[in-house]
Structures are given as structure tokens and as C-alpha cells.
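Contents: one structure, followed by commentary.
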Amino acid sequence: MTSAEDFDRWYADRTASKRADDLVRQVLGLPDGLESTSLLGGAGLDEVAGSLGLAPGRVLLDLACGRGGYGLEIARRTGCRLVGVDFSRVAVEQARSRSGGDFRVGTLTATGLNANSVDAVLVVDSLQFAESKPDALRECLRVLRPGGRLAITCWQAADPGDERVWGRIRELDLERQLPEAGFADVEVADRPAWRTDERRLWEAALAVEEPDPAVVSMQEEARRVLAGFDRKRRVLATAAKPR
């Protein structure tokens, strides 16, 4: 899936499937009621939330927020104000049905937000969908206030030259791209425990009998992902906008 229309259908299927959301929360250890749009588990969420330095009155941009689950949970924990941006109108409509955030249609490279307007940016498992990764990172820098924090969870190719890895993943090289975009205090680290949780989720999805459309979609993705699972690194990147 790469287009907004693809994700519109995906989110519509998820709305009708309690089983899929329950499976994700159970296997990944996510809080009750959190509607995940990716593969970041509970331990990863704890780490990401702590890295953003948020407090009451600060503003978090959850970019490519989907249904808003991660951003809403971080806002609940920290008391920050949440702005969510996603290119799927269906996802944004679903996010707006939950209280606690300002959700808008936009893209990874064009959020529609003012410059220097947020204190932190979160991008969970979605940077690969940007047509231009450098443009997406520069957009994150533009909307951040000086000193603001960025956290990105994603995958990178274990071997950037391995053409069996999806091209949009091979385009990610955050160790190089974040400093080139203007960020400081860049740290990019592997998270093998997150990979273990991800594998468990895909295997659990494949074991579901009589699946509904959302679980069928998970099973199709599981087969694709597991076929090349060891070709990718699971990565957490953090950085800051210079003061």
C-alpha cells in the first residue's frame, strides 16, 4: 500500500474488525483501547514517549498519525497538546471521533502547519511512504521550534545494496539524512527486541482461523514480511532542531 486510497480501504476494514485490533494490542503489549496503525509495541512506545521531552502545554505533532492511537496515548501521559496529520481522510475521520487531538489531512512533506509551531514530532513506521525522505525530514525541521525533538521509528535495509528489500526502505539512511536535513544530536539505534515482537505478531496473525477482511490483510502482509524478515533492521532515530 502506498496511496491514500489504499489506506482509506485499510482503515475502513480495521473499523469493522475488533479481532485485528485486539490481536495487535495483545501481542505488542499496547494499552487497552489504543488503536495502533503500525508495529510499535508497548516498550517502544514507552521509550519514544520519554525521548520527546513533552510536558503540559507543549505541542506534539503525530505525523502520519493514522487513527491517532500513539499520539493520543502520549498526550494522555504527558498532558501535551496533540496535532495529528495523515493523508488518509478515513483515518483522520476515525481519529476525530476520539477526543483529545486536533487531526488534519496532510502529508509527510506538506503538513500544513506553521513554521516553528510544535515542540516535538513523532513519525511511527511511516517515513518510508514519503516520496522524498529528505523533504519529509526538512518538513519536520521546519515545523519544530528551536530545541524541539524528533523521534522516528522505521526499518532500514540490513544491506543497502540488497535489491530484494523494498526500494522505499532502501532509500532510508537516517544516520546520514538527519544531519543533512539540519538536525543535531542525532542518534540512530537498532531495536532487536522490537523485531522479536513484530515477528510474534505476524506469526500470531497467520494462526488466526476464519479471519475477517482486516485479518486477511494482516496475513497477506505477514507472508510478504516474513519472507524477507532478516533483510531489514528495526530502528529508532532521535534528533533535535538546533537552538
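The values are calculated or read from the model by the stated rules, or taken from the named source; none is laboratory data. Owing to the predicted nature of the structure, the values given are computational and were not obtained by experimental measurement. Virtual Cβ from ideal backbone geometry, glycine too; neighbours counted across all protein chains shown. To get the accessible areas, we keep the full protein, side chains included, count just its heavy atoms, and leave off ligands, DNA and RNA. Shrake-Rupley method; radii C 1.70, N 1.55, O 1.52, S 1.80 Å.
A compact table of results
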| read-out | value |
| --- | --- |
| Test: Ala181 is modelled with pLDDT of 95 or more, surrounded by 20 or more Cβ atoms within 10 Å (Cβ to Cβ) and small (Gly, Ala, Ser) | yes |
| Failed item, numbered, when Arg233 is tested on (1) open to solvent by less than 40 Å² (accessible area, probe 1.4 Å); (2) of a type outside the set (A, V, I, L, M, F, W, C); (3) in contact with a strand residue (DSSP E or B) (Cβ under 8 Å, 6 or more places away or on another chain) | (1) |
| Criterion violated by Arg223 - all others in (1) modelled with pLDDT of 95 or more; (2) assigned to a helix (DSSP H, G or I); (3) surrounded by 18 or more Cβ atoms within 10 Å (Cβ to Cβ) satisfied | (3) |
| Failed item, numbered, when Leu63 is tested on (1) of a type outside the set (D, E, K, R); (2) closer than 18 Å to Arg145 by Cβ; (3) free of Cβ contacts under 8 Å to residues at least 12 places away in the same chain | (3) |
| Any hit, segment 184-206, residues being part of a loop (DSSP other than H, G, I, E, B) and open to solvent by less than 40 Å² (accessible area, probe 1.4 Å) | no |
| Flag for Trp166 being of a type in the set (Phe, Trp, Tyr), closer than 22 Å to Asp46 by Cα and surrounded by 13 or more Cβ atoms within 10 Å (Cβ to Cβ) | no |
| Test set (1) within 18 Å of the chain's Cα centre (by Cα); (2) open to solvent by 80 Å² or more (accessible area, probe 1.4 Å); (3) farther than 20 Å from Gln128 by Cα - Pro213 fails condition number | (1) |
| Per-region count, segment 46-70, residues closer than 22 Å to Glu187 by Cα and buried (at least 24 other Cβ atoms within 10 Å of the Cβ) | 6 |
| Segment 77-106, residues that are within 16 Å of Val124 (Cα to Cα) and open to solvent by 30 Å² or more (accessible area, probe 1.4 Å) | Phe87 |
| Filter pass, Asp173 being surrounded by 13 or more Cβ atoms within 10 Å (Cβ to Cβ) and out of contact with any Ser or Thr (no Cβ under 7 Å at 6 or more places or on another chain) | yes |
| The one condition in (1) in contact with a strand residue (DSSP E or B) (Cβ under 9 Å, 6 or more places away or on another chain); (2) open to solvent by less than 30 Å² (accessible area, probe 1.4 Å); (3) touching a residue at least 40 places away in the same chain (Cβ under 8 Å) that Lys133 fails to fulfil | (1) |
| Residue in segment 24-45 that is among the charged types (D, E, K, R), in a helix (DSSP H, G or I), free of Cβ contacts under 8 Å to residues at least 40 places away in the same chain and open to solvent by less than 60 Å² (accessible area, probe 1.4 Å) present | yes |
